[in-house]
Amino acid sequence: MSDLMSKVMSAKEAVQRFIPPGTHIAFGGFTILRRPMAIAREIVRQRVGNLYLTMNGGTLCEEMLAGAGLVKWLESTYLGLEGGMPVAYGMRKAIEEGEIELLEDYTNWSFALRTIAGRYGLPFMPCLGDIGSDLVTYDVFGKAGLRGKNDQGEWIHPGIPPHKYSMMDDPFDGWGLRPHKFRTGEDTCGNRTNVYRKGKVTSVKYTGKPGVKVALVPPILPEVCVVHAQRVALDGTVRFEGLIGPDIDQSLCGRILIVECERICSPEELRHCPEKNQIAAHAVHAIVEAPFGCYPSAVPNYYDYDYSWFKNYVKEVNHKSKDEVKAYWLETVGSTKDEWDYLLGVVGMDKLFSLRTDPVYHYNPTIERFK
């Protein structure tokens, strides 16, 4: 049993052991779904600063950390605070006032491809979606001198690739692009926008040669990944439920994986329907049992998101000065002793239980939704 318990620890211990100042950290979850807030809140309690955050979609964890003044660099795809407002103003002010020094941007799709490359140890993944946008040429980390190697032949920063993108001519001349013209007839693919089928491609942009272009994106390689799952076995086997988003691929990109969960269970429990388990035990370094750890975001089959929290934050906090936003986070989160102190003392059990999902629907059909 002692070996099984070796990965189980509190949020406080996980942050102390694995997230020192300056850590390159990737938070899981997507928009208002399964954001690992328990670890993020513990980072605020311990005032771990100068963080380099990598994230895909939604900014709940990042809004809090930026609001508390703990973020130095950010690699992102979208800076809206979920559906409640189009802009995460805490992050916006931190960027505008230079507290967040650098912001590098990708699309949701190119970010997802980078996590696939990171998961499988691939040098890159091909991407078409970003071609033609200014993301290909707008290179913040490059302008800051953070790409490539130093005089000793080491990477200037191990989490920053030597190029944001690399452009090449498709060596298969667009043969694999859909729709495809099969010998027996036209492809039934829903895509009808493949201009490469209409004639010879003459564009020489990016490579200087006419033909089909492909953007190569590098893997994401953070020092620490943090995700939240519904159940984790004592040995570290992870089972997500509901929409997964980038969590599986991103979890397997980094050096250290911290998994929050609603409940720790026995390995025998997850051996039932083993095909539903997504992350093997050996990939997990820390297991943190954190019921309601994603609040105010949602965990499918457990609890829904708290719309009232988002509405209040937008109305009462988010548009205030940077110092007032920081004071809010340091008071409501930073002054609490631990997760239970926050959940019971700040949120309240009545609120938490009102968000519990209905097993018939797998969400809570009674709560107020974004308008």
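The values are calculated or read from the model by the stated rules, or taken from the named source; none is laboratory data. Keep in mind it's a predicted model, so treat the numbers as computed, not measured. No Cβ is skipped: glycine too gets one built from the backbone with ideal geometry, and neighbour counts run over all protein chains shown. Ligands, DNA and RNA are excluded from the accessible area calculation, which covers all protein heavy atoms including side chains. Shrake-Rupley method; radii C 1.70, N 1.55, O 1.52, S 1.80 Å.
Give the Debye-formula value of log10 I(q)/I(0) at each listed q (0.17, 0.24, 0.31, 0.33 Å⁻¹), with one equal scatterer per alpha carbon of region 288-331, two decimals each. Normalising to I(0) and taking log10 leaves -0.60, -0.86, -1.02, -1.07.
Could you sort SER354, SER110 by accessible area so the largest value comes first, with the probe set to 1.4 Å?
So, going from the largest accessible area down, we get SER354, SER110.
Considering region 123-163, its Cα convex hull presents a mean projected area of 3.5 nm².
What number, rounded to the nearest 500 deg cm²/dmol, is the helix-based mean residue ellipticity at 222 nm of the chain, given -39500 (n - 2.57) per DSSP H run of at least four residues and division by all its residues?
Values: 12 runs with 86 residues, N = 371.
Result for the chain, helices only: -6000 deg cm²/dmol.
Taking every Cα-Cα distance in region 95-148 and sorting them into 10 Å bins from zero, the calculated P(r) comes out as 20, 43, 32, 5 percent.
Over the chain, what percent of the accessible surface lies on carbon and sulfur atoms, probe 1.4 Å? Within the chain, the accessible surface is 55 percent carbon and sulfur.
Working from the Cα coordinates of region 72-197, the gyration tensor eigenvalues give, after taking √(5λ), semi-axes of 34, 22, 12 Å in decreasing order. Size descriptor for the chain, Kirkwood hydrodynamic radius: 22.1 Å (Cα pairs only, one decimal).
The 1.4 Å probe gives accessible areas that order SER251, SER166, SER6, largest first, as SER6, SER166, SER251.
Applying the criteria of a DSSP loop state and at most 13 other Cβ atoms within 10 Å to the trypsin sites (Lys or Arg not before Pro) of region 308-347 yields LYS337. Here the chain is assigned +1 on the Cβ of each Lys and Arg and -1 on the Cβ of each Asp and Glu. Its dipole about the Cα centre then comes out at about 1060 debye. Comparing mean-square fluctuations of GLY57, GLY145, GLY185 from a GNM of the chain with C-alpha springs under 10 Å, the top value falls on GLY185.
Once you mark the chymotrypsin sites (Phe, Trp or Tyr not before Pro) that are in a DSSP loop and have at most 15 other Cβ atoms within 10 Å, what is the longest gap between them in the chain? Of all site-free stretches, the longest is 176-360. With protein chains left intact and a 1.4 Å probe, residues in region 219-371 average 45 Å² of accessible area per residue.
Taking 25 Å as the straight-line reach from the Cα of LYS200, the lysines in range (excluding those fewer than 8 positions away in the same chain) are LYS181, LYS209, LYS213.
Which value, in Å³ per residue, describes the convex hull spanned by the Cα atoms of region 1-125?
Values: hull volume 15.6 nm³, N = 125.
Normalising the Cα hull of region 1-125 by residue number yields 125 Å³.
In loop segments of region 89-154 as defined by DSSP, the GluC sites (Glu not before Pro) with at most 13 further C-beta atoms inside 10 Å of their C-beta are GLU97, GLU154.
Distance between the 7 Å Cα→Cβ label points at LEU102 and SER266: 5.0 nm.
Within region 15-67, report the trypsin sites (Lys or Arg not before Pro) that DSSP leaves as loop and that have at most 16 other Cβ atoms within 10 Å.
Values: sites: ARG17, ARG34, ARG41, ARG45, ARG47; in loops: ARG34, ARG47.
When the trypsin sites (Lys or Arg not before Pro) of region 15-67 are filtered for loop state and at most 16 Cβ neighbours within 10 Å, ARG47 remain.
Of the DSSP beta bridges with both residues in the chain, give the percent that are antiparallel, rounding to the nearest 5.
On the way: 18 of 47 bridges.
Counting only bridges with both partners in the chain, antiparallel ones make up about 40 percent.
Specify the residue with the greatest mean-square fluctuation among ILE287, ILE131, ILE248, computed from a Gaussian network of the chain linking alpha-carbon atoms under 10 Å apart. Largest GNM mean-square fluctuation: ILE131. Taking ALA229, ALA283, ALA11 in turn, the Gaussian network model of the chain (Cα-Cα springs below 10 Å) assigns the largest fluctuation to ALA283. For the pair VAL360 and LYS337, label points projected 7 Å from Cα toward Cβ lie 4.1 nm apart. Taking amide H atoms as placed 1.01 Å from N in the peptide plane, the amide H of LYS213 lies under 5 Å from those of ASP170, each 5 or more residues away in sequence or on another chain.
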